[in-house]
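Chemist: My questions will all concern the structure given below.
The values are calculated or read from the model by the stated rules, or taken from the named source; none is laboratory data. Since the structure is predicted, the reported quantities are computational estimates derived from the model, not experimental observations. Cβ coordinates were reconstructed from backbone atoms using ideal geometry, including for glycine residues, and neighbour counts include every protein chain displayed.
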Amino acid sequence: MTLRTDDLIQILSQSPRPHPPFGFLLLSFLLMAAFLVMTMAFIGIRPDVVALAPSGSFYQKTFLLAGIMTMGVFSLSGAALPVERARGPVSWAALIFLVLVFLGLIGREWMVSAPRDILNLFFLPNFGFCLFHVVLYGVVGAAVLTWLMRYYAPANTEKAARLIGLAAGGLAAIGYSVHCPVDSPSFVAVAYGLPIFGLLLACRLILPRFLNW
Amino acid sequence: MIENKKTSDIEIRMRSLVMETRFGNKSSYKTLLAELAPILRKSAMGGLAPFSRQAHAEDITQEALLAIHLKLHTYDESMPFLAWARAVTKHKMIDYLRRNKVRMVSIDDQDFGELADTANPEVQAITYDLKRLLDSLKPPAGQIIYAMKVEGATIREISTQYNMTESNIKVIIHRGLQKLADKIKGETQE
């Protein structure tokens, strides 16, 4: 062993080791709470939720968005480690289940509703509002999650960046959805899906250099 | 068999040192780093050999020790500690190779001429334009062979990392090396 490595070991053994202040689950919970408070404070919550009598369609929307959020958030901890592990069967099953539910709901909507009624939803101001606010919240969420990820050692920085985008997008979508009165599955797929996908792509392109360790 | 037992003993010792370190024992932490250094150095030398950069193994070892110091909290106790430490070392090595824009040395390089002539198909397969050959195998055979033959990971560590049984790993390695040997034979006969 060379003297330099000996010296390094001596220094390291006496130095305090950094620890992340939070885990990803706790931070995600705090982010979601912050987004809900921001929605309540600045743009308001939809009346049926305020009255504590949300419609069935609201639960349906929340279930779908929560599924996306859960996939992103729960994958972050695994992606933060220096050893890459193969995705387990439960993870794949959950993803396939969510996709099938989404497609099923959209399919059912197009069978029972007039296509014009569905397409008219995209001309409402809510559509632009959705896109803007989910992206806004998502950028904040991605910045915070990136800060935490820097305490960790992701084996694949590109994968970690994508998951940050997915988790931030999911959290943003949940945080904003308590304001948006439109629950149509087709609308949710586009108005929330587009910004989530955009965040995922943007994070994949921008964040890896910030996640190098 | 004997090598596996020795590796198990080292693994058990490393784990107990990590646990003591996590309870704040600085002396155990120093012992852990001191005992880890030669293992990481060996991994680094093996990893840098295909690129003729073994002289930089000490730099990689020091970078890996620093990374281990900063990221020890990312070690998951459900997996072997040495697999985790080697993964950190591999990351630092890839970083180094990227920073220095090092490319794979091809078989035309004189340094590899002798090894390529070796009759042993295992040695031939590993040294001959390694990356291209390993990438041509169906994943994760290429990565598994690289981890074992170049980085020095054990079958047990690899089986934990890839979530497969040890016998499955052995079959993948055997078939992968056979395919590599067949490829080299086919290409040199053209």
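Chemist: Report yes if A:A51 is loosely packed, with under 13 Cβ neighbours inside 10 Å, at pLDDT below 90, away from every other protein chain (no Cβ under 14 Å) and under 30 Å from A:V178 (Cβ atoms), otherwise no.
Modeler: yes
Chemist: Could you list, in sequence order, the residues of the range A:4-22 that are surrounded by 11 or more Cβ atoms within 10 Å (Cβ to Cβ) and in contact (Cβ under 8 Å) with a residue 12 or more places away in the chain?
Modeler: Within the range A:4-22, A:P18, A:P20, A:F22 qualify.
Chemist: Identify, please: which residue in the range A:72-95 is modelled with pLDDT under 90 and buried (at least 18 other Cβ atoms within 10 Å of the Cβ) and is, among those, farthest from the other protein chains (Cβ to nearest Cβ)?
Modeler: In this case the residue turns out to be A:G78.
Chemist: List every residue pair whose Cβ atoms lie under 6 Å apart, where the two residues are 6 or more positions apart in sequence or sit on different chains, the first residue falls within the range B:1-22 and is of a type in the set (D, E, K, R), and the second residue, located anywhere, is modelled with pLDDT of 70 or more.
Modeler: From the range B:1-22, the pairs are B:E11/B:P80; B:E11/B:L82; B:R15/B:F81; B:E20/B:S28.
Chemist: Given the range A:1-120, what helices (runs of 4 or more DSSP H) lie entirely inside it while holding 2 or more residues that are touching an Asp or Glu at 6+ places or on another chain (Cβ under 7 Å)?
Modeler: Ranges flagged: A:56-79.
Chemist: Also: In the range B:24-79, how many residues are of a type in the set (F, W, Y) and part of a helix (DSSP H, G or I)?
Modeler: Residues meeting the conditions: 2.
Chemist: Within the range A:12-33, which residues are more than 9 Å from chain B (Cβ to nearest Cβ) and among the hydrophobic types (A, V, I, L, M, F, W, C)?
Modeler: Residues satisfying the conditions are A:F22, A:F24, A:L25, A:L26, A:L27, A:F29, A:L30, A:L31, A:M32, A:A33.
Chemist: Can you find a residue in the range A:138-148 that is polar (S, T, N, Q) and at pLDDT 95 or above?
Modeler: Yes, that holds for at least one residue.
Chemist: I would also like to ask the following. Inspect all residues belonging to the range A:158-174 and state whether any of them is small (G, A, S) and more than 16 Å from the chain's Cα centre (by Cα).
Modeler: Among the residues of the range A:158-174, not one is small (G, A, S) and more than 16 Å from the chain's Cα centre (by Cα), which makes the answer no.
Chemist: When only residues in the range B:55-82 that are more than 15 Å from A:A80 (Cα to Cα) and of a type in the set (V, I, T) count, which is farthest from the other protein chains (Cβ to nearest Cβ)?
Modeler: Residue satisfying both the conditions and the ranking: B:I60.
Chemist: Looking at this structure, is B:A85 at pLDDT below 90 and within 14 Å of chain A (Cβ to nearest Cβ)?
Modeler: Against the criterion (at pLDDT below 90 and within 14 Å of chain A (Cβ to nearest Cβ)), B:A85 does not qualify.
Chemist: A further question on this structure: For the range B:152-177, give me each residue that is among the hydroxyl-bearing types (S, T, Y), out of contact with any Ser or Thr (no Cβ under 7 Å at 6 or more places or on another chain) and either touching a residue at least 12 places away in the same chain (Cβ under 8 Å) or closer than 17 Å to B:R86 by Cα (or both).
Modeler: Correct list: B:T160, B:Y162.
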